[in-house]
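Here the structure is laid out as structure tokens; the discussion comes afterwards.
The values are calculated or read from the model by the stated rules, or taken from the named source; none is laboratory data. Since we're looking at a predicted model, the values are computed, not measured. Positions of Cβ are generated from backbone atoms using ideal geometry, with glycine treated the same way; all protein chains shown enter the neighbour counts. When the accessible area is computed, the model is the full protein with side chains, heavy atoms only, and any ligands, DNA or RNA have been set aside. Shrake-Rupley method; radii C 1.70, N 1.55, O 1.52, S 1.80 Å.
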Amino acid sequence: MKWAIGLAIVALAAPFALARPKPAPLRSNDISVVGTHNSYKQAMPAATMAAIRAMSVSIADSLDYAHRPLTEQLDAGARQLEIDVNYDPVGEHYARRSTDPKLMQPGFKVLHIPAIDNASSCVLLRECLGIIARWSAAHPTHVPIMLLFNAKDEQYAARGGIDALPFDAAAWDALDAEIRAAMPAGSIITPDEVQGRYPTLRDAVRANHWPTLDKARGRFLFVLDETPEKVAAYRGARHSLEGRVFFINTDEDSPAAAYLTLNDPLAEGERIKRDVAGGYLVRTRADADTKEARAHDPRRREAAFASGAQYVSTDYLWPDQRFAGGYRVTLPGGDVARCNPVRKPLGCRDGALEPRVK
């Protein structure tokens, strides 16, 4: 009798013992991808590079990189692109010593150092965004792509360049408007969407209120990677980022906190891990100023991958054939996206997140 009762108890308990927790839906911060730094940048003319090298070898080395067209980067798996914008509401401001008719048009210009490091694969911001939007329309299930912006206001006239126009309140509003006009309706994941009904954007992020990965596919996040002064000017008097297009680079305690730029994974690896675990998005860099590629030094790249930063930026989706060793940056296993190694989302499979474009 005891034996029979024991079997009955085991039979009743079996369904509960075999039950597995149901995985929560993957969210857009549960993954990690590779992107590029100054994604629009083309090689500088040889004469210009030689003149800079004669003045400073280190500056010349830091500028001596270039990227393939944006569509090739996206095809190769880049899911973060970086764009430098220069304010030019009337047009012609950045046209000196250039025959490019696009520089005569009004609108934001995508240039690294105007009149010095001027070669761009898409000179007009609306041109760059059109390229990206068309690629996205042809690949509608891609994981969310982060578009990282620098707002250029450097003064280069004394060094042979062109002084950039300042970013005032009108410039910030114009930048938001130009992006909204260029991107398809509903394609932008905005701070307001992430914040939802939470009191602040930070509260929403700490509660893991990022869109699910399925809801974020085929869409974009815009991030302003700038100084505290510039992001404060962009934010204005808002409590978080109400009505704005961009997330901003800020500290973890700000009501507007959702994203952080932490570019040195060797020095900031533990902070990156804490922030990723806490719900924030983080971008870091696998290399900088061509140093890692020249030395074929993988330490920074491996620290970036280990940190869990959702976006790992590089100048070397492909090796530079001039440098021995073949330094490049691709995700372990060659995937477009991988399950975040810090967040370790339940039920996530690397190869299933997004197949590589053939």
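Listing for the model above:
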{"item": "Label-to-label distance, nm, for residues given as residue 289 and residue 356 (7 Å Cα→Cβ offset)", "result": "3.2 nm"}
{"item": "Residues whose placed amide H lies under 5 Å from that of residue 27, excluding near-sequence neighbours", "result": "213"}
{"item": "Distance between the range 220-292 and the range 125-194 - C-alpha centres, whole angstrom", "result": "16 Å"}
{"item": "For the chain, with +1 on Lys and Arg beta carbons and -1 on Asp and Glu, the positive-most of 204, 257, 234 along the dipole", "result": "204"}
{"item": "Degrees, to the nearest 10: 169-182 long Cα axis against longest axis of the chain", "result": "70 degrees"}
{"item": "Three-way shape call for the range 125-202 based on the alpha-carbon gyration tensor, with the a/c threshold at 1.5", "result": "oblate"}
{"item": "Segment residue 185-residue 158, extension gain: residue separation times 0.36 nm, minus the distance between their alpha carbons", "result": "5.5 nm"}
{"item": "Relative contact order of the chain, pairs being alpha-carbon contacts under 8 Å that are 6 or more residues apart, as %", "result": "20 percent"}
{"item": "Difference of contour (0.36 nm per residue) and Cα-Cα distance, residue 24 to residue 173", "result": "49.9 nm"}
{"item": "For the chain, accessible area per residue (1.4 Å probe, heavy atoms of protein chains only), Å²", "result": "45 Å²"}
{"item": "Amide H contacts of residue 313 (H built 1.01 Å from N, under 5 Å, at least 5 apart or other chain)", "result": "35, 284, 285, 286"}
{"item": "Mean shadow area of the range 238-293 over all directions, Cα convex hull, nm²", "result": "4.8 nm²"}
{"item": "In nm, spacing of pseudo-spin labels at residue 302 and residue 203 (7 Å Cα→C-beta vector)", "result": "4.4 nm"}
{"item": "For residue 145, net neighbour charge (Lys/Arg +1, Asp/Glu -1) across residues whose Cβ lies under 9 Å away", "result": "+2"}
{"item": "Across 109/215; 215/273; 102/152; 41/291; 152/291; 291/344, pairs whose alpha-carbon gap is larger than 28 Å", "result": "109/215; 291/344"}
{"item": "Spherically averaged projected area in nm², based on the convex hull that wraps the Cα atoms of the chain", "result": "22.7 nm²"}
{"item": "Normalised per residue, the volume of the convex hull around the Cα set of the range 260-358 (Å³)", "result": "97 Å³"}
{"item": "Modelled FRET efficiency - R0 25 Å, residue 133 with residue 100, Cβ distances, 0.05 increments", "result": "0.65"}
